[in-house]
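Scroll down for the structure; my scribbles are underneath it.
The values are calculated or read from the model by the stated rules, or taken from the named source; none is laboratory data. Not measured: the values here are computed from a predicted model. As a convention, Cβ positions derive from the backbone with ideal geometry for all residues, glycine included, and neighbour counts pool all protein chains shown. Surface accessibility is based on the protein's heavy atoms, side chains included, excluding ligands, DNA and RNA. Shrake-Rupley method; radii C 1.70, N 1.55, O 1.52, S 1.80 Å.
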Amino acid sequence: MGTLASTATPAIADRAALRDFYEDYAACLDAEDFAAFPDFFTDDTLYQVISRENHDAGLRHAPIYCSSRAMIVDRLMALKEAALYQPRSLRHFISGVRITGEEGAELHAQANFLIVESLLEQDPQVLMVGRYLDRIVRTTEGLRFAERSCVYDNYRIRTTLVIPV
Amino acid sequence: MGTLASTATPAIADRAALRDFYEDYAACLDAEDFAAFPDFFTDDTLYQVISRENHDAGLRHAPIYCSSRAMIVDRLMALKEAALYQPRSLRHFISGVRITGEEGAELHAQANFLIVESLLEQDPQVLMVGRYLDRIVRTTEGLRFAERSCVYDNYRIRTTLVIPV
Amino acid sequence: MGTLASTATPAIADRAALRDFYEDYAACLDAEDFAAFPDFFTDDTLYQVISRENHDAGLRHAPIYCSSRAMIVDRLMALKEAALYQPRSLRHFISGVRITGEEGAELHAQANFLIVESLLEQDPQVLMVGRYLDRIVRTTEGLRFAERSCVYDNYRIRTTLVIPV
């Protein structure tokens, strides 16, 4: 099997680097490290959390829509002020990280996400499931999202959801 | 830690290539790209979706049993004609991709799968969980399943299940 | 994109080796291969399964607490004698494997785990979700856990839980 990966090694290495980037992002959210979160994005990033229904219909209505890194910072600030009324833990599970295209220095990629929520006095449950659809650029500081659309499959989401996905 | 992977690099590269193959397969199903699906298999493949109970008892009774790539194509055609009565989204989560043996050009491998289903007016739920048990060959077009058994742990599956896993 | 991974290759290879190690561990538990399980640990390992609440408060109270490899062996022996009253399947899903620090030959690492349980006459459900917090050493036989804390988010766990996580 020493030759299994031989013809594809650079692509496999790229995909491994991408998987690491996705998992660092997820770990940042699980740790609620909101100070570090904006660093995953470019200055003029587009970041949104949108239902599959609206996404597929080409609609813009989305629970979270940020058209710059500064808007993400504002959003997180508001979130901090609103505070969380109850202790809870979120865990991200990422699978299927794939490079779907390349345009110059940009990379198009996607992955599945599953977020499991644990609340007091309740069993853990699936909070959200869906896909990341991304454009990623390589900067001198490492990979950054030029665009990240978190497209969730849930029919509805609880209105208290204000956190990034 | 620069030497952590040093003695095992070829095996790690193989496993990474295998993980990518598994995730491409899963993404194909999540996208309902049934035209591309048969290309993951050899012509004389064995593809089945079978309960753990029957698999462990050596029984052949399985909701899906295809003894060739052509049978998979037929199965998908029937599926297309039956159509899906309601919109839904499926997401695969693959974990634990492992090479369990080698026989000449063949690779024995396995992984865990979790499929989360989102239906209209319902919260997402676990549709199916289990293991892939596989024999994989390297062809000039890339890796292909010579055998894929999808062994699910579910006690029962809803009878409407006709799609590949 | 041929240069995406170029500056980080050794780190990526280490992380891939680590991911493989984590997945071998999970596969061992899913297969209920309790004879092989202690081999993932050093002789003077610390292995515990503890709630997030107690862990964050610095408390020691934990459903499983083993301060050596020998204690793990004892624990598994007791488990074997107690036997399992009903057939069930467990599947681990590991995501977010990350190296968080290094101290000499030791590696600090973490990952998320999700365990899905399938019982007779029931639909599969999330049994446990949480984080692995680990210290790992490289030995002549491969990687080993010098410390593994399985920190679960669940508010409560069913009292019948006696198995390793």
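Structure notes:
- Residue match in region A:94-115 (condition: under 24 Å from C:Glu53 (Cα atoms) and not in a strand (DSSP E or B)): no
- Cβ pairs under 9 Å, 6+ apart, first in region A:29-40 and of a type in the set (Gly, Ala, Ser), second modelled with pLDDT of 95 or more and in a helix (DSSP H, G or I): A:Ala36/A:Cys28
- Verdict on C:Phe41 being over 21 Å from C:Ser95 (Cβ atoms) and in contact with a strand residue (DSSP E or B) (Cβ under 7 Å, 6 or more places away or on another chain): yes
- Failed condition for A:Val49, given (1) more than 12 Å from the chain's Cα centre (by Cα); (2) part of a strand (DSSP E or B): (1)
- Given (1) away from chain B (no Cβ under 14 Å); (2) free of Cβ contacts under 8 Å to residues at least 60 places away in the same chain; (3) surrounded by 20 or more Cβ atoms within 10 Å (Cβ to Cβ), number of the condition C:Val116 does not satisfy: (1)
- Members of region C:40-85 found to be at pLDDT 95 or above, surrounded by 11 or more Cβ atoms within 10 Å (Cβ to Cβ) and acidic (Asp, Glu), listed by number: C:Asp44
- Residue-level analysis places C:Ile94 among those that are open to solvent by 10 Å² or more (accessible area, probe 1.4 Å) and modelled with pLDDT of 95 or more.
- Residues satisfying the stated conditions in region C:138-156, i.e. within 12 Å of chain A (Cβ to nearest Cβ) and either touching a strand residue (DSSP E or B) at 6+ places or on another chain (Cβ under 7 Å) or surrounded by 21 or more Cβ atoms within 10 Å (Cβ to Cβ) (or both): C:Val151, C:Tyr152, C:Asp153, C:Asn154, C:Tyr155
- Residue list for region A:103-139, filter: acidic (Asp, Glu) and under 23 Å from C:Ile115 (Cα atoms): A:Glu117, A:Glu121, A:Asp123
- Residue match in region A:119-137 (condition: within 12 Å of chain C (Cβ to nearest Cβ), surrounded by fewer than 18 Cβ atoms within 10 Å (Cβ to Cβ) and either under 16 Å from A:His55 (Cα atoms) or touching a residue at least 40 places away in the same chain (Cβ under 8 Å) (or both)): yes
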